[in-house]
1. Starting from the residue with the highest accessible area, list Ser205, Ser36 in decreasing order, probe 1.4 Å.
2. What is the dipole size for segment 1-138, taken about its Cα centre, with +1 at each Lys and Arg Cβ and -1 at each Asp and Glu Cβ, in debye to the nearest 20?
3. How large a share of the accessible area of the chain, in percent, is made up of carbon and sulfur atoms when the probe is 1.4 Å and the other protein chains stay in place?
4. Rank Ala357, Ala317, Ala233 by mean-square fluctuation in a GNM of the chain with C-alpha springs under 10 angstrom and give only the top-ranked residue.
5. Subtract the Cα-Cα distance of Asp175 and Lys122 from 0.36 nm times their separation in residues, and report this length gain in nm to one decimal.
6. Student exercise: in segment 1-138, how many lysine pairs 8 or more apart or on different chains have Cα atoms under 26 Å apart?
7. Roughly how many whole Å is it from the C-alpha centroid of segment 322-359 to that of segment 136-180?
8. With the Cα gyration tensor of the chain giving a ≥ b ≥ c as the square roots of its eigenvalues, does the rule (a/c under 1.5 for rounded; else a/b larger than b/c for prolate; else oblate) give rounded, prolate or oblate?
Amino acid sequence: MKVLYRLQKEGFEAYLVGGCVRDLLLGREPKDFDVSTNADPEQVKKVFRNCRLIGRRFRLAHVYFGREVIEVATFRGGGEAENDKQVLNNEGRLLRDNVYGTIEEDVWRRDFTVNALYYNIKDFSVVDYVNGMADHKAATLRLIGDPETRFREDPVRMLRAVRFAVKLGFKLDPDCEKSMHDNAELLSSIPAARLYDEVLKLFLSGNALQTFEMLRHYGLFQVLFPATESSLALEENGFPRLLLIKALENSDSRIADGKTVTAYFLLAAFLWEPVQIRAKEKIAKGLFESVAYQDAANEVIAVQIKITALPRHITMAMREVWSLQPKFNVCTGSKPSRLITHPRFRAGYDFLLLRAATGSADPELAKWWGKYQDAGENEQRKMTQPSRKSQSKSGRKRVYRKKISDDKTGTDQG
Ligand code: ATP
Ligand code: MG
């Protein structure tokens, strides 16, 4: 309200626009607030002390209130890409868009009709040029203009379609749906950093499972995670789909309980099976198990970061979660007491639980580690003493080997 009134006082038009209007009309709390104005970014900067200009593709003003940011965008104009302020690539993708205009022009730049409603602070009305209110009432996501053209301009709109459909419980207009089936591949031309941001929005929003199913339905998931998609094609008895689904479900229920979720844990689950598959191929070619798993992890991550630029701290954490898995197989001696002090132990253990719940690890082993964590020091010592049976010739070692090959886990023990 401060931003809107301030702009108005300085003689500019000011509207709330986009997701916040859409969400307020549904009685939902908006995630963020976007403001649209006829003031250009330099003028916005002069109005607010607490303001920074950002962006190249879209030049925007950010107005700060403590930790909150209000995004203030100048109306976009210019229907045709005829000057250097608006640039399309040869697939029709909009690379730069800094032609300013009026609200009547701005409206056509928006993606969905329900995202193109403007709340006018001057008279508290909702301005609607594209029949967005009717679509909003009918819970329909309809692209403004020709879907094919709009998806070519910016293929990320396909991911946005899925995200909004899931988040709002809206259905996609049939033309939009058809165009998504046809154009999913276009997504591969999007810079990896932007796709990573979108992946986070898609999967950390509390509806990850439904999002996953819908992305797969439209052929979008295979562009984002091709190795995961092909591992799903090889599935037997519902596995590894089960592990993924369980990971997504866990993540959703954590968010529902107000707990935090980490991107690396889900990503580790996404790429777990691809790593297993590659490692097994390498072992079959004669590589040591530990080397095979390391190389497989390197290769799978190298392919994935070209598509979605996973930051280094994320890939490091994923590797740690993976490399902890074989270490859980050792339940005797001093190793367990060292393992539980590992900074990533909790995540590693949660991953073991996930595997145990979906058939890729021994549930008894997971139970043992649960008990071990809760036990007192004396009890822990007792638990890690080799039993007499295991010291016999038919001993423990052989049992481990079997376990390792049974549960499809690599080992760092070499
Ligand atoms: P969210 O609830 O995720 O914030 P939102 O609709 O507000 O949803 P934003 O990314 O915050 O999404 O964008 C604000 C508005 O800017 C959108 O509602 C839409 O009108 C416009 N917009 C954003 N991204 C695009 C895009 N890729 N193509 C066209 N319009 C877009
Ligand atoms: Mg928004």
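The values are calculated or read from the model by the stated rules, or taken from the named source; none is laboratory data. Since the structure is predicted, the reported quantities are computational estimates derived from the model, not experimental observations. Neighbour counts run over all protein chains shown; Cβ positions are idealised from the backbone, glycine included. Remember, those area values only see protein heavy atoms, side chains included, never the ligands or the DNA or RNA. Shrake-Rupley method; radii C 1.70, N 1.55, O 1.52, S 1.80 Å.
1. Greatest to least solvent exposure: Ser205, Ser36.
2. 640 debye
3. 51 percent
4. Ala233
5. 15.5 nm
6. Lysine pairs, 8 or more places apart or on different chains, close enough: 15.
7. Between the Cα centres of segment 322-359 and segment 136-180 lies a distance of 43 Å.
8. prolate
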